[in-house]
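Heads up: the structure comes next, in structure tokens.
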Amino acid sequence: MIAALFLLGAGALPATASEARLLVAAESADRVYDLAFDGDDLSVREVIDVGYQATEIEGPHGLTVSPDGRHWFVSIAHGKPNGLLYKYDAETHELLGETELGLFPATMQISPDTGLLYCVNFDLHGDMTPSTVSIVDVDGMVEIEQVVTGSMPHGSRLSPDGSRHFSCAMMSDELIELDAVTLEVVRRLELTDGTGRRAGGGHGTDAGASAGGAPQHAAVAKPTWVQPHPTKPLAYVALNGVHQVLEVDLKAWKIKRRFPTGRAPYNLEVTPDGSRLVVTYKGAQAVGVIDLKSGKELARIPTSRPIPHGVVVTADSRFAFVTCEDRGAAPGAVDAIDLETLRRVSSVDVGLQAGGIALFPATERPDAPSRR
């Protein structure tokens, strides 16, 4: 059963630059939190229970909002064995449709070019074999294709025009580019730690491939997120295993720069103005802010909970919102970080294992009716 708990009377959010509406998934609570930020403080607007098995933790993981702001989508990771994708009305939080995806569906995005949703199937089950990206027609909520990519694909992100899809395979150390129209893998880039050491402990550039095209070796770099630059032919990749972020030249298809980071970088976001990179350090209880011109870390900001996870940035590049997990039965949290002062300015408690996060479009947020 799907239920909504209305915690706060909240009408439409004013569409000013410093205000925001966002969604956060609490993976071990089977809840999605609808949050508001008024320019100073974060608050909970509503809490939506998701899933269909009252006695099981089903694991809402990834979130995305349609480009027009009318619908939101959440991936349900723990299936029997396949996970699910749910579609909701953004005003009423009514469940509008669902479809089955692959093994442990994770992060996702909708292309403004094709209108299709692309979700990586992270696949925590069994051997480290190549997994897939699910492509979904969100009007009919039908999975139209699964494309084989690499082992444990994550960081599902699209180019600004929506014509290319990028993901990074955590356990085969690859950046993978998919043509969002033809639904074919067009390029693969092996991601290394910069020492010349190959994944698996060897040296050189050749990599044996499986039937699905993914190299067969143990991961070293362990990439967990990829984010294209908003205006330049560049993409940034978090290397969780070696504490680096890579800058990849998408025209030349090669690694251009490396940025040292705090321990275990996990998710990242480029500010919409293209000047900075915001990175969550899952092993350092902090968020790093990197100046992309100089490559220097401007600040390392402590988070309110020990395990920072997801990050999004407002359209005016002023605020970042970070999900943070705690340990044991302690609640998770969402932190608001002022990217001008480089300080954490607000936090709000949410459910257990706060992870996935998504912003509503700044200029097309739906008006939510007042509820009490």
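Taken together, the values in this text are just the output of simple stated rules run on the coordinates, not laboratory data. Computed from a predicted model, the values in this text were never measured in an experiment. Glycine also receives a Cβ, built like all others from the backbone with ideal geometry; neighbour counts cover every protein chain displayed.
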Is segment 128-167 rounded, prolate or oblate when judged by the Cα gyration tensor, a ≥ b ≥ c being the square roots of its eigenvalues, rounded requiring a/c under 1.5 and prolate requiring a/b larger than b/c? oblate
What is the calculated FRET efficiency for K254 to L342, with r their C-beta to C-beta distance and R₀ = 45 Å, to the nearest 0.05? 0.90
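What full-extension length gain, to one decimal in nm, is calculated for E91 and K296 as 0.36 nm per residue of separation minus the Cα-Cα distance?
Gain on stretching E91 to K296: 69.7 nm.
Percent relative contact order of segment 144-183, based on C-alpha pairs within less than 8 angstrom and at least six residues apart? Walk me through the intermediate numbers first.
Details: 64 pairs, mean separation 14.2, N = 40.
Relative contact order, segment 144-183: 35 percent.
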GluC sites (Glu not before Pro) lying in DSSP loop within segment 269-356, provided at most 15 other Cβ fall within 10 Å: E340
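State which entries of K87/K222; K232/K254; K251/K296; K256/K293; K232/K282 exceed 19 angstrom in Cα-Cα distance in the structure shown. Please list the in-between numbers first.
Details: K87/K222 31 Å; K232/K254 15 Å; K251/K296 24 Å; K256/K293 13 Å; K232/K282 27 Å.
Check vs 19 Å cut-off fails for K87/K222; K251/K296; K232/K282.
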For the residues D34, D89, what sequence is obtained by ranking on other C-beta atoms within 10 Å, fewest first? D89, D34
Translational diffusion coefficient of segment 273-361 at 25 °C, 0.890 mPa s, Stokes-Einstein with Kirkwood Rh over Cα pairs, in µm²/s as a whole number. 188 µm²/s
So what is the relative contact order for the chain, in percent, with contacts set as C-alpha pairs under 8 Å and at least six apart? 15 percent
Any idea what % of Cα-Cα pairs in the chain are farther than 30 Å? 32 percent
Rounded to the nearest 20 debye, what is the charge dipole size of segment 249-372 about its Cα centre when +1 sits on each Lys and Arg Cβ and -1 on each Asp and Glu Cβ? 480 debye
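What percent do you get for the relative contact order of segment 242-294 when only Cα pairs under 8 Å and 6+ apart count? Don't skip to the answer; put the middle values down first.
Working: 98 pairs, mean separation 13.8, N = 53.
Dividing the mean separation by the residue count of segment 242-294 yields 26 percent.
Using the C-alpha atoms of segment 237-318, what convex hull volume per residue, in cubic angstrom, is computed? Let's see the in-between values first.
On the way: hull volume 7.5 nm³, N = 82.
Cα convex hull per residue, to the nearest whole number: 91 Å³.
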Ranked packing of 228-240, 49-61, 349-361, most packed first, by mean Cβ within 10 Å: 349-361, 228-240, 49-61
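Given 0.36 nm per residue, what is the gain on full extension from I57 to S43 after removing their alpha carbon distance, in nm? Show your work: numbers first, answer last.
Values: separation 14, 0.36 × 14 = 5.04 nm, distance 2.51 nm.
Residue separation times 0.36 nm, minus the Cα-Cα distance, leaves 2.5 nm.
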